[in-house]
């Protein structure tokens, strides 16, 4: 259950600079959130730096010896094709963050459209949409994603679509219950009395008031999405032309890195996933606390 | 009985939707075993194409094909595997048992451990135990299941040589007694079960902790304390039964995630179950088997959800069927 007593009527974009300063004051009190933000900036920096790496570090024609343990030339050793693991991990950050963020945006947009429609219109539209949501909630998501990915064929675009279209249920439920409570408020009634149309009310009253919820929720969804991408790629459904943390682990497992004791190849991508997921989770929770202080969840 | 009458239609409706998705997904998507791929090869003559379409029933309208699919599925006919050239239902039947054994054991362990550790964390709120338990849960939430499995393999199977790396029994071994067979299976399933339990544990722990913390703040707990009841009586009689309800909801919601975990764990440990079969079928694009697995797993999850709903009813008399 979600209950907001005083939602901001004007929306969070009002008086940006002062609000931003206030926001930061509140945010930095959350220690986990600050750590998460730091880790996130670090990963983003790594992803950006990887753009300037010479291609010879990561392409399949790499010339170094294969499966070298860490040494002064290759700080994290090399993989089964002689590529530099550190360079691969940085390049993987790019793919994982890109898929994580874009797929989450799709999820959140789909979830918001469904949640707002169900909550605002109610009646049979609500009934049908929520029944569909319930079915999606029950479906084993990894099985569904793997099946869809196998049918569509593995490519970056398809992975984003598949993850995006399976992960919207949580957002839809949150947005629906928030919409239900907002549409009963006096300022919406006033708008109706003044003759505003449905779309006007949704755009000017409902969406600005669910925005802060959606914003924090999106960051939390990104964490889940990164895990999904990793699982999909590990099970061989990733884009074969792109390095991601999941695809690195797929190749590591496939080439028997576990049996060879090549922990320099197995540990870094996994640790990156853990750090990224934790970072997004902490930032999401901190944002939720700061932006939705009066929201009480039972 | 009233419970079944109210919930069964919904479950049947869900299963019907799943059948619809299962049929049209595999028929209409690019790359599926559709009309296009099967028949439109330039190597076939026009007559062969017509013959093939007829053999596979592709000449009939889509609606009729769907009805035929429904009828066949109802009779347990799920088609023929591309890779193994055997009926999909036979292949799947062999794999259900091992998966249920693995997943059931891990889920049961995770629920029991998660509840007790979570209860302990709520009871000793603010202590190092509480902080450690929550930190552990958050870490486990972020760890990819398969990666934890690989780490287990490289530590305990390769490093310490304490456990076998693959399968359910030693290949080719003739077991002298069923006791020895059981021991062999336990030896093989130990690590996969531990891995899956660790991954599932965190969620249960957190929910139990949060739920019990809420219950412990209720007035009736203060009353129980005022009556001079001992801690263990308060916990076991008054607090725990009420704190269990959110657990049941989470267990039901977790079932889909559980099957996802099974796919990853079975792949890493080469456990001969549905998950491993799914991985192999994905690699060889064995669509009839994938279609069968999708159906079986979703139906298993829907039925387990029905069971959880019923359990909720038994535990909480306030909920009406």
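Data overview
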| item | result |
| --- | --- |
| So residue A:225, is it touching a helix residue (DSSP H, G or I) at 6+ places or on another chain (Cβ under 9 Å), in a helix (DSSP H, G or I), under 23 Å from residue A:169 (Cβ atoms) and away from chain B (no Cβ under 14 Å) | no |
| Qualifying residue in region B:76-86 (condition: modelled with pLDDT of 85 or more and outside any strand (DSSP E or B)) | yes |
| Odd one out for residue A:163 among (1) crowded, with 20+ Cβ neighbours inside 10 Å; (2) farther than 22 Å from residue A:277 by Cβ | (2) |
| Any hit, region B:173-184, residues being modelled with pLDDT under 85 and either in contact with a helix residue (DSSP H, G or I) (Cβ under 8 Å, 6 or more places away or on another chain) or crowded, with 19+ Cβ neighbours inside 10 Å (or both) | yes |
| Residue count, region B:281-308 (criterion: surrounded by fewer than 20 Cβ atoms within 10 Å (Cβ to Cβ), touching a residue at least 60 places away in the same chain (Cβ under 8 Å) and more than 8 Å from chain A (Cβ to nearest Cβ)) | 5 |
| Region A:250-283: number of residues that are surrounded by fewer than 21 Cβ atoms within 10 Å (Cβ to Cβ) and not in a helix (DSSP H, G or I) | 3 |
| Test: residue A:218 is within 9 Å of another protein chain (Cβ to nearest Cβ) and either without any contact (Cβ under 8 Å) to a residue 40 or more places away in the chain or closer than 22 Å to residue B:141 by Cα (or both) | no |
| Subset of region B:1-22 [farther than 18 Å from residue A:138 by Cβ and either within 14 Å of chain A (Cβ to nearest Cβ) or at pLDDT below 70 (or both)] | B:1 |
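The values are calculated or read from the model by the stated rules, or taken from the named source; none is laboratory data. Treat the numbers as computed from the prediction; the structure is a model and nothing was measured. Cβ atoms come from the backbone with ideal geometry, glycine included; neighbour counts cover every protein chain shown.
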